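The values are calculated or read from the model by the stated rules, or taken from the named source; none is laboratory data. Note that the coordinates shown come from a computational prediction; the quantities given were computed from them, not determined experimentally. Note: ideal-geometry Cβ built from the backbone for every residue, glycine included; neighbour counts use all protein chains shown.
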Number of protein chains: 2
Amino acid sequence: MQTAKQMKQFMEPQSVALIGISRYTGEGTFNILENLLSYGYQGKIYPVNPNASEILGIRTYSSITEVTENVDLAIITTPRSLVPHLVRECSQTNIQSVIVVAQGFTDASDDEGKQLQKEINDIARTSHIRIVGPNTFGTANAFINFSSSFVKIGMEKKPIGVICQTGVFFVGFPELALIGKGIDLGNACDISFAEGLEYFENDPQTKVVVLHIEGMQDTKRFVDTARRTARTKPVVALKTGRSQQAAKAAQSHTGSLIGRNEVWDAALKQSGVIQASDLEEFIDLTRTFSVLPLMQEPRIGVVTISGGLGIVTIDGCQQSGLELGELSANTKKLLDAMSPSWLNISNPVDIWPAMMTSPSVMKPLIDGLNALLSDEHLGAVLFLGATFNEKWSTALCQLLNEAAADHQDKPLACCLWGPCGDKAIRELGDAGKVVGFPTPERAIRALARLKEYSQLRRIL
Amino acid sequence: MQTAKQMKQFMEPQSVALIGISRYTGEGTFNILENLLSYGYQGKIYPVNPNASEILGIRTYSSITEVTENVDLAIITTPRSLVPHLVRECSQTNIQSVIVVAQGFTDASDDEGKQLQKEINDIARTSHIRIVGPNTFGTANAFINFSSSFVKIGMEKKPIGVICQTGVFFVGFPELALIGKGIDLGNACDISFAEGLEYFENDPQTKVVVLHIEGMQDTKRFVDTARRTARTKPVVALKTGRSQQAAKAAQSHTGSLIGRNEVWDAALKQSGVIQASDLEEFIDLTRTFSVLPLMQEPRIGVVTISGGLGIVTIDGCQQSGLELGELSANTKKLLDAMSPSWLNISNPVDIWPAMMTSPSVMKPLIDGLNALLSDEHLGAVLFLGATFNEKWSTALCQLLNEAAADHQDKPLACCLWGPCGDKAIRELGDAGKVVGFPTPERAIRALARLKEYSQLRRIL
């Protein structure tokens, strides 16, 4: 229970002390205080800097011991050599939660770094203090406009919880507006993956938890927590440092013990964690699981405006372990009626001939999509389209969002090819009903993992 | 030689007849004449429509036989049943090159379609007429603002030659402004991959040739031509219809004979063709080979602002068969001097600690990049960065373009992570010096193929 309270202080601080915050502000100074003010963080802020009386109009303190008010979270931003002393000072106050930002601990090549990390670790072990880091961006929470990141980041209220070992994930993903809540464990000297996961397991604002893991100490507790969490919300993991050379590099990045790949693969599988094969799949799965409902049936239906992309999709299905469903008699009849007589209706449904012979080019598309979304043989629907121009692209997005709103229990994904595809995929992401991909194979890969997790949820 | 002349008529027509062009213009009418005028095509245009005297201010003819001037290329846009008659009419004129746009030939499920294709095929075999299609967007050439596509497409003068069996590739790729020159073979009843390839082999405006293959008849001639072409310019291929179900679908998409995967893989390898594993790699390789020079050394150097992404990169190297080079003593010395003493300099080079301790945040990055680009042990350089905001992103693009301009013989690729990554990758693409990717693994995969082709070129 004590940990739960402290995790709340890390993730939802109502008051923060910025220990060692710089007097310098403006571009290139990476000033956390300036960032917090620009986000509109509403909590109390106590800057600590012995060489200033105020920074950006906020009163500063010469030492953390001078702050008499309650402080949920202290963020130490000094170079490494000052850190043990400052953590010790925190332990002499009521502060229970400390983020250590500096690099150069077990991630350093020298003995001093390892010694410094041991020192702060000892303080955490023997006092009421818990530490996130060192070598970290700290935490972020879009719901309260808070982040300890010294790089100013964009944040949106997404139902995504991120636990990572690099600040890169705070910067935001390509094709995805930014994180909802995040915790960068860095070297993870104290607060662990299991503790981060426990927070997100019980957090009603988090719908999907995503993990970037280099390594960890206590895998047993992690596996137990992950298995429990996966019963109620999807947990996606990217395990990096898989090659021998990468494992060595991870050792000097976050001082992580990497562990054998086979052991990791088995542990994640056993926990019900969805493992991404690379960074791109990690992003795709984060987007997919944060937007789509689970699949009630294992096979999918595809509507395509390009026979060529349809064939690429079938290849993708074979590669990713997903099957195309048989269309129901009703669906076939409806599609037959709108298509030229020479077209053999099958799945993927080539809707282009119908579009070319219809008085309204979009109507066959809308009717075809709705037919597949209503077909009880199909567990999800994938639409393959092309964004010829901005106007066409906007019309497609609207059509897709409307179809998804009308069939909220059936996952709808799309591949939007062409020059305006990127923009359309982002627009769909913002609307939060349909998930978009630039190629059919990526859409299929994500739906295959959605199918697997949907099946798993029934037995976990 | 006759084929070469006709391929020029298909790809660089100075005069075109639009047989069966609609009187209706404006949105949703897919009018080729309207498209041509909007592109600014400067050749002569002869619309043929017996029910109009002019369309968009251009005199129409009631039959192609009425046109007495020289016509390089006829584009037949009627429904399938009228096509044999119209091709026959063309054969009674001086026209030698005909594009048949309509669907419903061997791509149809009925016998009539197969019969119709046999008819036009017979005309091609027994006359001077050559046919592209049917079931095609035809051809496109950005250098003369020409395309027979009924979907209005964007075009840019890129040194890319596309041969495909679906119009989707005319619409433009995600992350890539549009095609330079393209030919959609559709059902490929007459003009073949080998003939398209021969055109691009000898075309000085084409630097890289990319092929989307569902199937073909004359693989022997194709392999011979591809091997010859690959000696002077890279040829990239995506072979689709690999699964049994996809092969069946390809049969009804373009009537293609698919062939066995092992045979195809061997044939492409033997030809020196670079085979893409999926649509995304196909796009990545198209972008990479159209921008980067060949690699003189097989190993690469990496500069990263994120240790975490560095580790992902090493994993990617192992997966794709690419190796990180040993840094030269000079490079190490220079990087050591700018970094904190605790940082162990190795490849990937973590440049972030130097950036955080330098008075100018960008200087270590510029110096580090230039050091690796000048390092003779390294055959190419990959930069891993994050686009924190628009301004930072623009600065990164400028820095990368300048570094590439200063080292034109060494390939420079980058992964630009974060919210402005997509836009930055496009901007770099437009500048045409550096190729950008959203994730490290995709950059590494593309560089691995660049390395393989660079080595192959010495023995082909």
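Only residues that are surrounded by 13 or more Cβ atoms within 10 Å (Cβ to Cβ) and either at pLDDT 90 or above or part of a helix (DSSP H, G or I) (or both): list them for the range A:254-274, please.
Scanning the range A:254-274 gives A:THR254, A:ASN261, A:TRP264, A:ASP265, A:ALA267, A:LEU268, A:SER271, A:GLY272, A:VAL273, A:ILE274.
Among the residues of the range A:76-93, are any on the phi > 0 side of the Ramachandran plot and either touching a Leu at 6+ places or on another chain (Cβ under 6 Å) or hydrophobic (A, V, I, L, M, F, W, C) (or both)?
no
Name every residue in the range B:347-376 that is farther than 15 Å from B:GLY307 by Cβ, more than 9 Å from chain A (Cβ to nearest Cβ) and small (Gly, Ala, Ser), in order of residue number.
Hits for the range B:347-376 are B:SER358, B:ALA371, B:SER374.
What's the number of the only condition in (1) crowded, with 24+ Cβ neighbours inside 10 Å; (2) in contact (Cβ under 8 Å) with a residue 60 or more places away in the chain that A:ARG457 fails to meet?
(1)
Within the range A:395-407, identify whether any single residue is within 9 Å of chain B (Cβ to nearest Cβ), buried (at least 24 other Cβ atoms within 10 Å of the Cβ) and not aromatic (Phe, Trp, Tyr), and answer yes or no.
Checking the range A:395-407: not a single residue is within 9 Å of chain B (Cβ to nearest Cβ), buried (at least 24 other Cβ atoms within 10 Å of the Cβ) and not aromatic (Phe, Trp, Tyr).
Exactly one of these conditions fails for B:ASN35: (1) of a type outside the set (D, E, K, R); (2) surrounded by 15 or more Cβ atoms within 10 Å (Cβ to Cβ); (3) under 15 Å from B:GLY133 (Cβ atoms). Give me its number.
(3)
Taking A:ALA249, is it closer than 22 Å to B:TRP417 by Cα and in contact (Cβ under 8 Å) with a residue 40 or more places away in the chain?
Considered against the rule, which asks whether it is closer than 22 Å to B:TRP417 by Cα and in contact (Cβ under 8 Å) with a residue 40 or more places away in the chain, A:ALA249 comes out as no.
Give the residues of the range A:327-355 that are within 34 Å of the chain's Cα centre (by Cα) and in a loop (DSSP other than H, G, I, E, B), sorted by residue number.
Passing the criteria: A:ASN347, A:PRO348.
I need the full set of residues from the range A:215-239 which are closer than 15 Å to A:VAL263 by Cβ and within 14 Å of chain B (Cβ to nearest Cβ), in order please.
Scanning the range A:215-239 gives A:GLY215, A:ALA237, A:LYS239.
How about the range B:1-22: which of its residues are surrounded by 15 or more Cβ atoms within 10 Å (Cβ to Cβ) and of a type outside the set (A, V, I, L, M, F, W, C)?
B:GLN6, B:LYS8, B:GLN9, B:GLU12, B:PRO13, B:GLN14, B:SER15, B:GLY20, B:SER22, listed by residue number.
With the condition kept exactly as written, say whether any residue in the range B:141-148 is in a loop (DSSP other than H, G, I, E, B) and modelled with pLDDT under 95. Give the derivation first.
Going residue by residue through the range B:141-148, those that are in a loop (DSSP other than H, G, I, E, B) are B:145, B:148.
Add one more test, that the residue is modelled with pLDDT under 95, and what stays is none.
Looking for residues that are in a loop (DSSP other than H, G, I, E, B) and modelled with pLDDT under 95, one finds none in the range B:141-148, hence no.
I'm checking my understanding of the structure. Among residues of the range B:364-394 that are modelled with pLDDT of 95 or more and either closer than 24 Å to A:THR77 by Cβ or charged (D, E, K, R) (or both), which one is surrounded by the fewest Cβ atoms within 10 Å (Cβ to Cβ)?
B:GLU376
Output the residue which, of all residues in the range B:413-435 that are within 13 Å of chain A (Cβ to nearest Cβ) and touching a residue at least 60 places away in the same chain (Cβ under 8 Å), is surrounded by the fewest Cβ atoms within 10 Å (Cβ to Cβ).
Once the filter is applied, the top-ranked residue is B:ASP430.
What residue, of B:LYS239, B:LYS220, B:LYS233, is among the charged types (D, E, K, R) and closer than 24 Å to B:ASP430 by Cβ?
Exactly one of B:LYS239, B:LYS220, B:LYS233 is among the charged types (D, E, K, R) and closer than 24 Å to B:ASP430 by Cβ, namely B:LYS233.
Filtering the range B:332-346 down to residues that are over 22 Å from A:LYS114 (Cα atoms) and charged (D, E, K, R), which residue is farthest from the other protein chains (Cβ to nearest Cβ)?
B:LYS333
Is there a residue being among the basic types (Lys, Arg) and either in contact with a helix residue (DSSP H, G or I) (Cβ under 8 Å, 6 or more places away or on another chain) or not in a loop (DSSP other than H, G, I, E, B) (or both) anywhere in the range B:20-35?
As a first pass, look at the range B:20-35 and keep what is among the basic types (Lys, Arg): B:23.
Next, from what is left, pick out any that are either in contact with a helix residue (DSSP H, G or I) (Cβ under 8 Å, 6 or more places away or on another chain) or not in a loop (DSSP other than H, G, I, E, B) (or both): none.
No, every residue in the range B:20-35 fails to be among the basic types (Lys, Arg) and either in contact with a helix residue (DSSP H, G or I) (Cβ under 8 Å, 6 or more places away or on another chain) or not in a loop (DSSP other than H, G, I, E, B) (or both).
Would you call B:THR139 out of contact with any Phe, Trp or Tyr (no Cβ under 7 Å at 6 or more places or on another chain) and of a type in the set (Ser, Thr, Tyr)? So that I can check it myself, show each step before the final result.
On the way: out of contact with any Phe, Trp or Tyr (no Cβ under 7 Å at 6 or more places or on another chain): no; of a type in the set (Ser, Thr, Tyr): yes.
Criteria not met by B:THR139.
Being more than 7 Å from every other protein chain (Cβ to nearest Cβ), surrounded by fewer than 24 Cβ atoms within 10 Å (Cβ to Cβ) and either assigned to a helix (DSSP H, G or I) or aliphatic (A, V, I, L, M) (or both) is the filter here, so list the residues in the range A:309-321 that pass it.
Within the range A:309-321, A:GLN319, A:SER320 qualify.
Looking at the structure I just gave you, is A:GLY167 at the interface with another protein chain (Cβ under 9 Å from one of its Cβ atoms), of a type outside the set (Val, Ile, Thr) and surrounded by fewer than 24 Cβ atoms within 10 Å (Cβ to Cβ)?
Here the answer is no, as A:GLY167 does not meet what is asked.
Can you find a residue in the range A:301-308 that is within 11 Å of chain B (Cβ to nearest Cβ), hydrophobic (A, V, I, L, M, F, W, C) and either touching a residue at least 40 places away in the same chain (Cβ under 8 Å) or touching a Phe, Trp or Tyr at 6+ places or on another chain (Cβ under 7 Å) (or both)?
yes
Of all the strands (runs of 3 or more DSSP E) wholly in the range A:157-246, which have at least 3 residues that are touching a residue at least 60 places away in the same chain (Cβ under 8 Å)?
Result: A:208-213.
Output yes when any residue across the range A:261-279 is over 21 Å from the mean Cα position of the chain (by Cα), within 13 Å of chain B (Cβ to nearest Cβ) and not aromatic (Phe, Trp, Tyr), and no when none is. Spell out the reasoning first.
In the first step, residues of the range A:261-279 are kept if they are over 21 Å from the mean Cα position of the chain (by Cα); the result is A:261-263, A:266, A:270.
Right, trim to within 13 Å of chain B (Cβ to nearest Cβ) and you get A:261.
In the following step, the residues that additionally are not aromatic (Phe, Trp, Tyr) were identified as A:261.
Checking the range A:261-279: at least one residue is over 21 Å from the mean Cα position of the chain (by Cα), within 13 Å of chain B (Cβ to nearest Cβ) and not aromatic (Phe, Trp, Tyr).
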